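Trainee: Have a look at this one.
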Amino acid sequence: TFTFEEASEKSSSFGKLLVQAVDEGLCAFGASVREAVYMCLENTFGIRKDDIPRKVDEFSDALEEIFGDGARLLEIQIMKNLYRKVGDIAECFPRKENITFAEYVYAAELSSRSK
């Protein structure tokens, strides 16, 4: 069992890991494109970099608007980066073939809380 403070601290810690994973995923495009994407997220979609952990669905939708079908490839890269940071999350989500980005992030957060 977690106290509210522990859960909040773990959630904040996970949020930092998620932002790092996003940052690393966007780095594949280069630093200037990464910064342009962050500016677009903030100016067009109202999502600041630090908001991503609290707005995962909106972030995913914004990526789709920006990158179209290519957003899925970026999300997969972000999930791989997150996996390296959090570890195995298989036990935290039901077996299904197509897991959404938001579902994966939620499962990763649950997994990080149990460690």
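The values are calculated or read from the model by the stated rules, or taken from the named source; none is laboratory data. Since the structure is predicted, the reported quantities are computational estimates derived from the model, not experimental observations. Glycine also receives a Cβ, built like all others from the backbone with ideal geometry; neighbour counts cover every protein chain displayed. To get the accessible areas, we keep the full protein, side chains included, count just its heavy atoms, and leave off ligands, DNA and RNA. Shrake-Rupley method; radii C 1.70, N 1.55, O 1.52, S 1.80 Å.
Trainee: How do the pairs read when you match residues in segment 61-72 that are over 13 Å from V37 (Cα atoms) and in contact (Cβ under 8 Å) with a residue 12 or more places away in the chain with residues anywhere that are hydroxyl-bearing (S, T, Y) and crowded, with 16+ Cβ neighbours inside 10 Å, using Cβ under 6 Å and keeping only pairs 6 or more apart or on different chains?
Mentor: none
Trainee: Then there is this: Looking at K49, K96 in this structure, which one is at pLDDT 95 or above, open to solvent by 30 Å² or more (accessible area, probe 1.4 Å) and in contact with an Asp or Glu (Cβ under 9 Å, 6 or more places away or on another chain)?
Mentor: Working: K96 fails: at pLDDT 95 or above.
Matching residue, one of K49, K96: K49.
Trainee: When the residues of segment 71-92 are filtered to those that are open to solvent by less than 30 Å² (accessible area, probe 1.4 Å) and farther than 21 Å from G46 by Cα, which remaining residue is modelled with the lowest pLDDT? Talk me through it step by step, then tell me what you get.
Mentor: The first filter runs over segment 71-92 and keeps only residues open to solvent by less than 30 Å² (accessible area, probe 1.4 Å), leaving 71, 74-75, 78-79, 81-82, 86-87, 89.
Remaining after also requiring farther than 21 Å from G46 by Cα: 79, 81-82, 86-87, 89.
On the way: M79: 90, N81: 93, L82: 91, V86: 83, G87: 76, I89: 66.
Top of the filtered list is I89.
Trainee: Give the residue that is farthest from the chain's Cα centre (by Cα), with candidates limited to residues of segment 20-46 that are open to solvent by less than 20 Å² (accessible area, probe 1.4 Å) and within 22 Å of S111 (Cα to Cα).
Mentor: Result: G25.
Trainee: Can you find, within segment 39-58, the residue that is nearest to A102 (Cα to Cα) among those that are assigned to a helix (DSSP H, G or I) and of a type in the set (A, V, I, L, M)? First the steps, then the outcome.
Mentor: Kept after step one, since they are assigned to a helix (DSSP H, G or I), are these residues of segment 39-58: 39-45, 49-54, 56-58.
Filter again for of a type in the set (A, V, I, L, M), leaving 39, 41, 52, 56.
On the way: M39: 22, L41: 17, I52: 11, V56: 6 Å.
Only one residue tops the list, namely V56.
Trainee: If you check every pair at least six apart or on different chains, which have Cβ atoms under 7 Å apart with a residue in segment 18-38 that is under 10 Å from I52 (Cβ atoms) first and a residue that is of a type in the set (A, V, I, L, M) and open to solvent by less than 60 Å² (accessible area, probe 1.4 Å) second?
Mentor: L18/I52; L18/L82; L18/V105; V19/I52; A21/I78; A21/L82; V22/I52; V22/I78
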